[in-house]
1. For Ser74, are the conditions met, namely being open to solvent by 20 Å² or more (accessible area, probe 1.4 Å), touching a residue at least 60 places away in the same chain (Cβ under 8 Å) and on the phi < 0 side of the Ramachandran plot?
2. Among Arg11, Arg15, which is the only one that is surrounded by fewer than 18 Cβ atoms within 10 Å (Cβ to Cβ) and either under 16 Å from the mean Cα position of the chain (by Cα) or under 19 Å from Ala95 (Cβ atoms) (or both)?
3. Mind checking which pairs have a first residue in the range 77-102 that is free of Cβ contacts under 8 Å to residues at least 24 places away in the same chain and on the phi > 0 side of the Ramachandran plot and a second that is part of a strand (DSSP E or B) and open to solvent by less than 60 Å² (accessible area, probe 1.4 Å), Cβ under 8 Å, 6 or more apart or different chains?
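The values are calculated or read from the model by the stated rules, or taken from the named source; none is laboratory data. Everything numeric here is computed off the predicted structure, so don't read it as measured data. Cβ placement follows ideal geometry from the backbone for every residue including glycine, while neighbour counts extend to all protein chains displayed. These area figures cover heavy atoms from the full protein model, side chains too; ligands, DNA and RNA do not enter into them. Shrake-Rupley method; radii C 1.70, N 1.55, O 1.52, S 1.80 Å.
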Amino acid sequence: MSHQVVVYVDRFTIREGSLEDFRRYASEMTELVKEKEPETKSFTYYVDEEGREGTAVFVFANANAADFHLGVASDKFQEGVELLSSTDIELLGPASDRAVQMAKAFGANIKTSSLAGFAR
């Protein structure tokens, strides 16, 4: 597996009446990842002022870290699916076949080849 970072970006709409449930879900997911996934470099949810649209940006140290996340957090994914409607998903970097297939199942744009850049 590569040592390049893997980035997951999910732009979404919060389902009507679900903002408070989403806040709880996002907090729980963040704490779970913070506690159990040391190779997750950044795990952040953003939401607009109206609390209707948001973006999740997750940065993993490498493909192994992204796969580890899938194992740790997958039990909670269904709850997120019930609260959100994804409008645009991107998986960036040299992700594993497992991560690519899962992202494709949600309609993600996959960009695994970098042209230039660096990560610290």
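1. No.
2. After applying the criteria, what remains is Arg11.
3. none
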